[in-house]
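For reference, the structure is listed below as structure tokens.
The values are calculated or read from the model by the stated rules, or taken from the named source; none is laboratory data. All of these numbers come straight from a predicted model, not from anything done at the bench. Here the Cβ positions follow ideal geometry from the backbone for every residue, glycine too, while neighbour counts run over all protein chains shown. Surface accessibility is based on the protein's heavy atoms, side chains included, excluding ligands, DNA and RNA. Shrake-Rupley method; radii C 1.70, N 1.55, O 1.52, S 1.80 Å.
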Amino acid sequence: FFPHFGEGGRWLFFTAAPLRNAAGEVVGAIETLQDVSERRRAEEALRESEERYRTLSLTDSLTGLFNSRHLHERLLAEAERALRYDRPLSLLVLDCDNFKRINDSFGHVEGDRVLQALAEVIRHCLRRSDSGFRYGGEEFVVLMPETPLTAAQALAERLRSAFAEQIRHTAAGEEVRCTVSIGVAEWVTGESEKSLLRRADAACYQAKERGKNRVVVASASD
């Protein structure tokens, strides 16, 4: 790549072949330069397009978090890694409280804004190794490799508190508040990824039964 050739630089394909005299000695060279800039740009555009498509296929369009398809791929990989290296793995299941009432009272546009606000709180609280997913509807999942139960519970409390403190207003000035119930589970040696997700989901359901806007930790035997 020659950055100073033309506007924006040029990609050149370079070849060289020796010129020899009758004694076989190198006395010169034939060099060729072929401008391949357009081909390179086309190849780069194709790679960027493929990467954008891959990202879109793994991402929830409303919230920008990963989607449920990618959750199952990551969860399986992280469970296998936890088993191989005997490392902790925890998972949160989050569900917006009274979400149907918000949709019925303020409309689906405001309901979508609530989900986007929760996704933003999740992103803000995630550590570098964590991943956030929209699991479906108003339900979200946070996957936390290298994280024991106590640390996962602490992050869940931060998420719950941060979301509960948010106050949103509709275009008409109406106040919209929402809370979230969270279930926390730590992977048990030999447990399947589906079992881990089921235990965290059951703990989230218990949080709702106990009054909502709270964190419930799943026991290993749940």
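Surface calculation, 1.4 Å probe, protein heavy atoms: L62 sits at approximately 40 Å² accessible. Compared with the dominant principal axis of the Cα atoms in the chain, helix 149-164 is inclined by about 80°.
Rounding to the nearest 20 debye, state how big the charge dipole of the chain is about its Cα centre with +1 on each Lys and Arg Cβ and -1 on each Asp and Glu Cβ. Don't jump to the answer; show the numbers that get you there.
Numbers: 31 positive and 35 negative charges, 67 e Å.
The calculation lands at about 320 debye.
With springs only between Cα atoms under 10 Å, which of D112, D95, D86 fluctuates most in a Gaussian network model of the chain? It is D86.
Return the label of the correct value of Rg and Dmax of the Cα atoms in Å, as calculated from the structure shown, out of (i) 26.9, 96; (ii) 23.9, 86; (iii) 16.1, 47. Computed from these coordinates, Rg and Dmax of the Cα atoms in Å corresponds to label (i).
Under the convention that each Lys and Arg Cβ holds +1 and each Asp and Glu Cβ holds -1, the size of the dipole of region 139-189 around its Cα centre is about 80 debye. Annotation for region 95-128: trypsin sites (Lys or Arg not before Pro) lying in DSSP loop with at most 10 further Cβ atoms inside 10 Å of their Cβ are R128.
The length gained by stretching the chain between R127 and N103 to full extension, at 0.36 nm per residue less their Cα-Cα distance, is 5.5 nm. Within a straight-line Cα-Cα reach of under 13 Å, K100 can be paired with the following aspartates and glutamates, leaving aside sequence neighbours fewer than 8 residues apart in one chain: E110, D112, E138, E139. Seen against the Cα atoms of the chain and their longest principal axis, helix 108-125 is set at about 70 degrees.
The GNM of the chain, with springs linking C-alpha atoms under 10 angstrom apart, assigns the highest mean-square fluctuation among A203, A79, A29 to A29.
A 1.4 Å probe run over the protein chains yields, for the chain, 58 Å² of accessible area per residue, whole-number rounding. Taking a ≥ b ≥ c as the square roots of the eigenvalues of the Cα gyration tensor of region 1-110, is the shape rounded (a/c under 1.5), prolate (a/b larger than b/c) or oblate? Oblate is the answer for region 1-110, as a/c is 1.5 or above yet b/c matches or exceeds a/b. So how far, in whole Å, is the C-alpha centre of region 67-120 from the one of region 188-210? Taking the Cα centre of region 188-210 as reference, the centre of region 67-120 is 13 Å away.
For region 128-167, carbon and sulfur atoms together expose 47% of the accessible surface, with a 1.4 angstrom probe and every protein chain in place.
Note down the relative contact order for the chain as a percent, whole number, built from C-alpha pairs under 8 angstrom at least six residues apart.
Value for the chain: 18 percent.
Spin-label model, R81 to A45: label points 7 Å out along the Cα-to-beta-carbon direction sit 3.6 nm apart.
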